[in-house]
Amino acid sequence: MSEAVIVGRTRGGEEWTPEFVVALDAGRCIGCGRCYKVCPRDVFELTERTEMVDDDDDFYDDDDEMMVMTIKDALDCIGCMSCSRVCPKQCHTHEALAGA
């Protein structure tokens, strides 16, 4: 038996299914900060890209100090998906979650 998915209601009484952020592709991120600015819950933070790649990765130069978004606190996500709506590179992955 599958678990029921968490469902919310709008102020008008319509049902909607929140989809929570579960991943962010730092390799595609351009560090624009749009997701950070629209997130109402402090889910994201800027991190240097060099901290996100393996030492063996030749794709990024050691001098590449570009900042990219990472997930700081996924458990604080409310599932509004505002981050995905403003991301020009579609870096975010969301999933509906089962309720308890």
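At a glance:
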| quantity | calculated |
| --- | --- |
| Residue identified as exposed (fewer than 14 other Cβ atoms within 10 Å of the Cβ), over 13 Å from the mean Cα position of the chain (by Cα) and modelled with pLDDT under 95 among Thr50, Thr10 | Thr10 |
| Boolean, Asp56 is closer than 30 Å to Gly99 by Cα, surrounded by fewer than 17 Cβ atoms within 10 Å (Cβ to Cβ), modelled with pLDDT under 95 and not aromatic (Phe, Trp, Tyr) | no |
| Condition check for Arg41: under 16 Å from Met66 (Cα atoms) and modelled with pLDDT of 95 or more | no |
| Flag for Gly27 being more than 28 Å from Lys89 (Cα to Cα) and out of contact with any Lys or Arg (no Cβ under 8 Å at 6 or more places or on another chain) | no |
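One line per residue, one yes/no per condition, for (1) touching a Lys or Arg at 6+ places or on another chain (Cβ under 8 Å); (2) farther than 14 Å from Cys83 by Cα; (3) charged (D, E, K, R):
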| residue | (1), (2), (3) |
| --- | --- |
| Gly12 | no, yes, no |
| Glu19 | no, no, yes |
| Ala23 | no, no, no |
| Gly33 | no, no, no |
| Lys37 | no, no, yes |
| Pro40 | no, no, no |
| Phe44 | yes, no, no |
| Glu48 | no, yes, yes |
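The values are calculated or read from the model by the stated rules, or taken from the named source; none is laboratory data. Keep in mind that this is a model prediction, so the values were computed, not measured. Counting neighbours? That spans all protein chains shown, and the Cβs are built from the backbone with ideal geometry, glycine included.
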